[in-house]
1. Pairs under 6 Å by beta carbon, first residue on the phi < 0 side of the Ramachandran plot and surrounded by 15 or more Cβ atoms within 10 Å (Cβ to Cβ) in the stretch 369-385, partner part of a strand (DSSP E or B) and β-branched (Val, Ile, Thr), six or more apart or different chains?
2. Evaluate the stretch 144-153: report whether one residue or more is assigned to a strand (DSSP E or B) and of a type outside the set (S, T, N, Q).
3. Does residue 333 count as in contact with a helix residue (DSSP H, G or I) (Cβ under 6 Å, 6 or more places away or on another chain) and either surrounded by 16 or more Cβ atoms within 10 Å (Cβ to Cβ) or aromatic (Phe, Trp, Tyr) (or both)?
4. Name the residues in the stretch 346-366 that are surrounded by fewer than 15 Cβ atoms within 10 Å (Cβ to Cβ) and either of a type in the set (Gly, Ala, Ser) or touching a helix residue (DSSP H, G or I) at 6+ places or on another chain (Cβ under 9 Å) (or both), would you?
5. What residue, of 5, 21, is touching a Pro at 6+ places or on another chain (Cβ under 9 Å) and buried (at least 24 other Cβ atoms within 10 Å of the Cβ)?
6. On the basis of being under 21 Å from residue 214 (Cβ atoms) and in contact (Cβ under 8 Å) with a residue 60 or more places away in the chain, does residue 252 make the cut?
7. From the list 149, 168, 200, which one is closer than 22 Å to residue 3 by Cβ and over 19 Å from the mean Cα position of the chain (by Cα)?
8. Checking the structure you have, find out if any residue of the stretch 64-71 is under 18 Å from residue 273 (Cα atoms) and at pLDDT 95 or above.
Amino acid sequence: MTRIGIHDLELATSHHVLDLGKLAEAQDIDPAKYRVGIGQDEMSILAPDEDIVTMGAAAAQPLLERHGQQEIRTLLFATESGVDQSKAAGLWVHQLLGLPAHVRVVEFKQACYSGTAALQAAIGMISRSPAERVLVIASDEARYELGSAGEPTQGAGAVAMLVSADPALVEIEPVSGVHTVDVDDFWRPNDSSTAVVDGALSIRAYLESVTGAWDDLAGRGSPDPATIERVVYHQPFTKMAVKAQRALSSRSGAQLPARGLQDASVYNRRLGNTYTASLYASLASLLDADPELAGSRIGMFSYGSGSVSELLTGIVQPGYWDADRAARVRKALDARVPLEVEEYRRLHARVLPSAVDVDNPRVTDGPFRFAGISGRARHYEATGG
């Protein structure tokens, strides 16, 4: 059987960052509520000329520089922050990256799960045509109402993955566990720029999903739980992974190592919630933190409110370790421009109407920018940055 999985991946995030200690101070609460209680230190905030397209293109560009684009025939863009009801965000990425016309583009949506749906679709495509590669992009901006319980769990970021046969990073094993149930824990109506969330219900739904997905995986011939050396999770906030690991350990009967949780939370503590990208930012964090994972089996739990979840397993490949990637991510996180709370609140209040022309000021120093809206159409440009 052909081995298929993640050959390479890259992260990108926003121009701005908000320290949650400053937000706590402005709200007159103890910063430990955020840093300890939910396990978050910072959240990425988009500049006016950034969005899911610019982050997605910025994450994907280094993959093309390293591997070329010759074998890529599909670009799958996963997001729950779509910028158009019809046109896939990936089409703007296609143009920005200069991909050829024979590359198909599709957008996937099912809350935070859709990055995994795109990964599984990519694996299916490659199983039919092993010489091809699929570019998968998961890119999102998490937005909640100011003053809401969800406000400190906002964030922004993108992960781009090159999926191929004979992968260099992680081989995805063929059997997975799935759990789907209709639940109103989180959604974003068409006329709202922020999500609606029932936090307590969402936590319960998440935990029921992780055990339900394990039950399905076990019923389909899962690996011995004792052979799963690390598990990475979708992290709406990093403490959620701690709760999930406790539930999964209890259900599977395996005592999963705490070290993996810490290693896999480094990036998400600083990014905030990145929705579809969150699980794969966690995976990148784990791979970048531990140079001795080659040959290890890892679990990957994907949860999308509403809800659909999946528990996959993968084998870390020899030679996966890349100290340069870890340095690039740290550099990008450190380079973000800090915001004061009032500046952040002004940016949060800015919602662009589609019927009015907008010329966005240049703020980002990233390689791509959202230039504005003209004739109700969005326009993007490369910056040379």
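The values are calculated or read from the model by the stated rules, or taken from the named source; none is laboratory data. Note that the structure is predicted; figures quoted are calculated from it, not measured. We place every Cβ from the backbone using ideal geometry, glycine too, and count neighbours over all the protein chains shown.
1. 373/358
2. Step one: list which residues in the stretch 144-153 are assigned to a strand (DSSP E or B), which gives none.
No: the stretch 144-153 contains no residue that is assigned to a strand (DSSP E or B) and of a type outside the set (S, T, N, Q).
3. Values: in contact with a helix residue (DSSP H, G or I) (Cβ under 6 Å, 6 or more places away or on another chain): yes; either surrounded by 16 or more Cβ atoms within 10 Å (Cβ to Cβ) or aromatic (Phe, Trp, Tyr) (or both): yes.
It is true that residue 333 is in contact with a helix residue (DSSP H, G or I) (Cβ under 6 Å, 6 or more places away or on another chain) and either surrounded by 16 or more Cβ atoms within 10 Å (Cβ to Cβ) or aromatic (Phe, Trp, Tyr) (or both).
4. Across the stretch 346-366, the qualifying residues are 349, 354, 355, 365.
5. Numbers: 21 fails: buried (at least 24 other Cβ atoms within 10 Å of the Cβ).
Only one candidate passes the filter, namely 5.
6. Details: under 21 Å from residue 214 (Cβ atoms): yes; in contact (Cβ under 8 Å) with a residue 60 or more places away in the chain: no.
So residue 252 does not fit the description; no.
7. On the way: 149 fails: closer than 22 Å to residue 3 by Cβ; 200 fails: closer than 22 Å to residue 3 by Cβ.
Every option except 168 fails the conditions.
8. Among the residues of the stretch 64-71, not one is under 18 Å from residue 273 (Cα atoms) and at pLDDT 95 or above, which makes the answer no.
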